[in-house]
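See structure below.
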Amino acid sequence: MLIKWDTDPKQDRFDRRDGRKTMKAIVTAGNGGYDRLQCRVVRLPTLEPGEVLLQVLAAGVNNTEINTRIGWYSSSVTTGTEAAATTEEEQATVKADGGWNEATLFPFIQGTDCCGRIVAVAPGGDESTIGSRVLVRACMRQSGFESMDNIWMGSDFDGAFAQFVKVPAGEVFAVDCNWSDAELGTIPCAYGTAENMVHRGNVRKGEHVLVAGASGGVGSAVVQLTKRRGATVTAIAAKTKMEHVLSIGADRVIDRVEDVVVSLGKNSYDVVIDNVAGPAFGGLLEVLKRGGRYVSSGAIGGPLVALDMRTFYLKDLKLIGCTAWDEPVFPNLISYIECGELRPLVAKILPLEQIADAQSEFLEKKHVGNFVLIPPPLDD
C-alpha cells in the first residue's frame, strides 16, 4: 500500500508559505483507518531556543502510533489493539479522549522512535554536536524527574515520521556503536519502555521473571534486559516464535494458549512483566509469589481485566504502572548498546511511504522484534 506524496500546498498548519524550506512527512489527519495517514510536503520545523534539528535516519513502528490514530486510549474502547484497529478502519469514529494524555491535536506527525543526525542547533546551542548520530529519549519529563508529568514525541508533539524532526537538546543522546541506523531505530520506545519496567520493578539477580508477549518489540527487549540483570526468565509467546524467543535469552518459553497457572503453578514467580493483559490477567497474578510485583505499560490483548481483590491483597502484591520513564533508564540503554550488551531485533525495514503496510503487518503479530521505516532521501 504505497502512499503517494502530495506536493500541493494545503490551507492548514502544514502548508508551504513564505518561501520556507520543506520536508516530506507522514501526517496523521485524524482518528480512523489507514486513509488518515497522508504523505505531504510540509514546512521544515523552526527551532526555538534549546532545540536541535535532526535529520531522521530511521523511525521505528510502535503500538502507540496505531493506538493514537484509532483513538484506542479513549475510555469508550474496550477491546485490544488489533480488534480496535479493525473497528476504526470501518467506522473512523472521532474520539475526543482518544489521545495519549488528552485529545489529540490533529493533524500532526507521529513517530515515537528516532535515530537521527543533528544537522542544526538553535542560536546559543552547542554547535560541536552537529553531525552526531543520536537517539531521542521519546518520553520527556518537562517538570523534572520528581514529577510523573510526561510528554511523548510523536504523540504530544510532532515526531519522526518525516525527513526532519526538532527536539529539545537535552533529550538527544549520542551513541557510539557499529549498529546500523535501522537497528538503532528499534531502540527508543520498545527498549526504553522495557528498561523502565525492569528498573521500576526492581528486577534482581536470581529472581524468576515471567514475560508475557515476549516476541514483540517491548517483550523481546524485556527478555534481554531481565537476563542482563541475572534473572531467570520464562517467556510467553506464540508456538511459531518460541525458538526465536529462546535464542534471545529466555530460559523457558510456553505457548500463549496454555493456562499459565496449570503450566507454571501458583506462587512461583517473583515478577510478572506484562503488556498484554486481557483475559490472561487473573492467572498472571495467581503465579506470583507472596509480595510479588506485577509490572505493566500496555494492554494490547484488552484493557479491561477481571481482578480478584483477594488475590491482590491477601498475597501482598504490588501492581506497578509504567509510563513516565525514570531518569536512569535512557542513559542506561545507551551504555548497554555501547558495551555490546543488547541485540537489535529488526523484523522488517520499509520506506516511510509504506507506513500503512508496516502498521498492517505489525498488527498481525507474526514477527519477532521491530519494524523500521526509512524516510526518503533528501534529494528525492
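The values are calculated or read from the model by the stated rules, or taken from the named source; none is laboratory data. Remember, it's a predicted structure, so these values are computed and weren't measured experimentally. All Cβ positions, even for glycine, are placed from backbone atoms using ideal geometry, and neighbour counts span all protein chains on display.
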Original post:
What are the residues in the range 21-35 that are within 30 Å of P344 (Cα to Cα), surrounded by 20 or more Cβ atoms within 10 Å (Cβ to Cβ) and not hydrophobic (A, V, I, L, M, F, W, C), if any?
Top reply: K24, T28
Original post:
So, in the range 165-214, of the ones that are of a type in the set (A, V, I, L, M, F, W, C) and surrounded by fewer than 23 Cβ atoms within 10 Å (Cβ to Cβ), which residue ends up nearest to V276 (Cα to Cα)?
Top reply: A182
**OP:** List the number of the failed condition for I355; all other conditions in (1) under 14 Å from the mean Cα position of the chain (by Cα); (2) surrounded by 21 or more Cβ atoms within 10 Å (Cβ to Cβ) hold.
**Re:** (1)
**OP:** Can you work out which of the residues in the range 294-322 that are of a type in the set (S, T, Y) and without any contact (Cβ under 8 Å) to a residue 40 or more places away in the chain is surrounded by the most Cβ atoms within 10 Å (Cβ to Cβ)?
**Re:** Y294
Original post:
So which residues in the range 251-280 are out of contact with any helix residue (DSSP H, G or I) (no Cβ under 7 Å at 6 or more places or on another chain), within 22 Å of N62 (Cα to Cα) and not basic (K, R), if there are any at all?
Top reply: V276, A277, G278
Original post:
Quick check: anything in the range 226-236 more than 25 Å from T112 (Cβ to Cβ) and hydrophobic (A, V, I, L, M, F, W, C)?
Top reply: yes
**OP:** Give the residue, chosen from L363, L350, that is touching a strand residue (DSSP E or B) at 6+ places or on another chain (Cβ under 7 Å), in contact (Cβ under 8 Å) with a residue 24 or more places away in the chain and not in a loop (DSSP other than H, G, I, E, B).
**Re:** L350
Original post:
Can you tell me which residue in the range 245-265 is surrounded by the most Cβ atoms within 10 Å (Cβ to Cβ), limited to those that are part of a helix (DSSP H, G or I) and under 24 Å from the mean Cα position of the chain (by Cα)?
Top reply: V245
**OP:** Just give me the residues in the range 162-213 being polar (S, T, N, Q) and more than 16 Å from the chain's Cα centre (by Cα), in sequence order.
**Re:** Q163, N178, S180, N202
**OP:** Please enumerate the residues belonging to the range 226-244 that are assigned to a strand (DSSP E or B) and more than 17 Å from R343 (Cβ to Cβ).
**Re:** T232, T234, I236
Subject >> M242 vs. criteria more than 30 Å from V42 (Cα to Cα), surrounded by fewer than 21 Cβ atoms within 10 Å (Cβ to Cβ) and not basic (K, R) >> reply: yes
Original post:
Looking only at the range 266-279, which residues are surrounded by 22 or more Cβ atoms within 10 Å (Cβ to Cβ) and over 16 Å from H208 (Cβ atoms)?
Top reply: N275, V276
Subject >> Any pair with Cβ under 6 angstrom, 6 or more apart, that starts in the range 233-247 at a residue that is touching a residue at least 12 places away in the same chain (Cβ under 8 Å) and in the same structural domain as V257 (by TED's automatic domain parsing) and ends at one that is buried (at least 17 other Cβ atoms within 10 Å of the Cβ) and part of a helix (DSSP H, G or I) >> reply: V233/V223; V233/T226; V233/K227; A235/V223; A235/V245; A237/V245
Subject >> Test for G340: is it more than 17 Å from the chain's Cα centre (by Cα), small (G, A, S) and over 21 Å from V211 (Cβ atoms) >> reply: yes
Original post:
Take the residues of the range 323-339 that are in contact with a strand residue (DSSP E or B) (Cβ under 9 Å, 6 or more places away or on another chain) and over 21 Å from I66 (Cα atoms): which is surrounded by the fewest Cβ atoms within 10 Å (Cβ to Cβ)?
Top reply: P331
